[in-house]
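Just so it is clear, none of the values below were taken in a lab; they were calculated from the coordinates. Not measured: the values here are computed from a predicted model. Virtual Cβ from ideal backbone geometry, glycine too; neighbours counted across all protein chains shown.
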Amino acid sequence: MELNRRHLLGLGAGALAASALTACSTTTSPTAASSASVISEDERTKALNTPTELTFWTWVPNIDTKEVAAFMKAYPNIKVKVENVGQGAAHYQKLRTALKAGEGGPDVAQMEFQYIPSYVVTKSLVDLTPYGAASLQPLFVDWCWKQVVMANGIYAIPQDSGPLGNVYRKDILDSAGITTPPVTWDDYYTAAKAVRTKTKSYISDFASGQGGMFVALLWQAGAKPFTWDGGEKVGINLSSPEATKVMQYWQKLIQEDLVSTDADFNDAWYQGLANGKYAGWITAAWGPVFLQGTAAKTTGLWRASKAPQWSSTADAAGNWGGSTSALIKGTKNPIAAYELAKYINSNAATALQFANEQFFFPVTKSTIADPKWSTQTSDFFGGQKVNELFGGIADAVDPNFQWLPFMEYVYSSAQDTMTPAITNKGDLVVATKAWETALKTYATQQGFTLA
C-alpha cells in the first residue's frame, strides 16, 4: 500500500511537495511490541562514553538548564543542543521540512501523543524497542505507555499528559445555590441552569473551535472514534451512541444558552475567566496552573473536581494534551539519543522536576505517588490538593484510545464542520456526521482502507 505522503507530511498548512514513501502494511496489533533484539550493554556503554553532540527540539521552558543539564552531568561525553523551533504547527512544519530534505532535523523531538501515528506511518520515527524501551513500561501510567506503543514498535517516551477534570468558581456556584460540584452530567445541566438564572455567568465555555476538547469529551464518554491497525486500515466512527450522546448533550446546553461558545485561548477568553463570565472550565490537568497565570486576581475563589460522569456509578476520564520525546529518523547517534529521551522522562529526579518546576502533569507512577508533588496545596484553589485530585483522575483514563495517522486533518476538519454548528447553535449531531464523512473521504484519498 502506498500512502499519499504529500498530504501526510503536510497536513493543516496546505500540501507540501514530498517524495513518495511506501508505508508499512502490517496488520499487527497497535499494542504489540517489536521482537527486535536489544543492543548490548557494551554498545550502550561505548555510545555514552564517546564524545557526541545531539540536537533536541522542544518547547519546554528551561529544559536545557534543568533536565537536559542533569543528563549531561550524568553523561559528560554527550553534549545536547536544545532548540525551540516553535510551538504547535510551527514545530511540526519544520520537522516535516527537515524530514523531506533528509537533513537539518533533530536527533530527538518533542511530540504530542496524537501526532505520533502520522510520523510512524511515514516511517519518520525510530523504533525504540532495540534500545531497551520495553523495560520502561512498568514506570509509566498504563494508558500513557499505550499511547507510544503501536505498529509493532515503541516510538516515544511519555513526558506529560492531561487527564480531564473540572475547575469552577466556588463563589459563583454558591451564589447559585450549588454547594457541591456536579457529580453527573445531569447534575451539571441542573447547575448550569441555576448559574445562568441566578448569576450573570455561564457555567463554562464550550469553545467553538477546540477539536482537542471535543475528542477528550468523547474519550471520557467511552466512545472510540478512531482506530488504526498500524498499517493501512483505519476506523472512523463519530456516530456511535456514545458520541451522539455527547453531542446531543452539549447541543442542548448551547441552544438553551447555558454555556457560551467563545473561541478559547485569546484575550477575550482570558478576560472571561478572570471576570467571572465563565464560572468554570472543563479542562485538562494542566489547566489549573494555566488558570493561575490567567486569572491571578481570583486567587482563593476556585476549586477543582472530577469531570461530571455519565452515570453516578461511573469513574471515567478522558485526556486532553500530553507529549513525548521521540527519536527522529536519520539520527546518527540513536543510542545516545534514546538515553537522553529515557533519562529526562523516566529518571525519578528529572520526572519530579518536570512536575514541580515546569508544572507538567506527570506520567510516571513514582511522581504521581511522590508526596513532594501529590500533597502540595494550592492557595489559588483555596488550599486544595489539586495535584492529588488529578493524580486520581489519571487512573480513570481509558487506556484503549487510539488516534488516526492524520490527526492534523482531523482537527482542521473539525473547524470546518463543528465550529459553524456550535457558533450558530445548530445541530451538532448533523455536524458530527459531516465531520465523520469528511474524515472517511480523506482517509480513502490517502490510500487507507476503512475498517
Cleavage-rule hits, trypsin sites (Lys or Arg not before Pro), the range 338-394, DSSP coil, Cβ neighbours within 10 Å at most 16:
385
Distance in nm between pseudo-label sites at residue 97 and residue 48 (7 Å out along the Cβ direction from Cα):
3.6
Net charge contributed by nearby residues that have their C-beta within less than 13 Å of residue 187 (K/R +1, D/E -1):
+1
Per the charge dipole of the chain (beta-carbon charges, Lys/Arg positive, Asp/Glu negative, Cα centre), the residue among 371, 161, 445 reaching farthest to the positive end is 445
Cβ under 13 Å from residue 421's Cβ, residue 421 left aside: what net charge do those residues give with Lys, Arg +1 and Asp, Glu -1?
0
With all distinct Cα pairs included, what does the Kirkwood hydrodynamic radius of the range 75-165 come out to in Å, to one decimal, could you say?
14.7
If you build the convex hull over the alpha carbons only and average its shadow over all orientations, what do you get for the range 274-373? Give it in nm² to one decimal.
9.6
First measure r as the distance between the Cβ atoms of residue 348 and residue 123, then evaluate 1/(1 + (r/R0)^6) with R0 = 35 Å and state the FRET efficiency to the nearest 0.05.
0.55
Please report the Cα spread of the range 380-451 along all three principal axes, rounded to whole Å, starting with the longest.
52, 32, 18
Can you check what the Kirkwood hydrodynamic radius comes to for the chain, Cα pairs only, in Å to one decimal?
22.8
Note, residue 260: beta-carbon cut-off 13 Å, +1 each Lys/Arg, -1 each Asp/Glu, net -1
Per the Kirkwood formula on distinct C-alpha pairs, the Rh of the range 220-306 is how many angstrom?
15.8
Using the structure shown, select from 198/433; 342/385; 306/342; 73/332; 73/342; 233/306 the pairs with a Cα to Cα distance greater than 26 angstrom.
198/433; 342/385; 306/342; 233/306
Helix-only [θ]222 nm of the chain, DSSP H runs n ≥ 4, -39500 (n - 2.57) each, per residue, nearest 500
-11500 deg cm²/dmol
Work out the charge dipole of the chain with +1 on the Cβ of Lys and Arg and -1 on the Cβ of Asp and Glu about the Cα centre, then indicate which of 98, 139, 113 is farthest towards its positive end.
98
With a point put 7 Å past each Cα toward its Cβ, work out how far residue 313 is from residue 299 in nm, to one decimal.
4.5
Per DSSP, loop GluC sites (Glu not before Pro) in the range 80-136 with at most 12 further Cβ within 10 Å:
103
Say the dipole of the range 151-264 comes from +1 at the beta carbon of Lys and Arg and -1 at that of Asp and Glu; which of 194, 230, 152 then lies farthest toward its positive end?
194
Nearest-20 debye value, the chain charge dipole, Cβ charges on Lys, Arg, Asp, Glu
340
Restricting to DSSP loop positions (anything but H, G, I, E, B) with no more than 15 other Cβ atoms inside 10 Å of their own Cβ, which chymotrypsin sites (Phe, Trp or Tyr not before Pro) remain in the range 39-118?
59
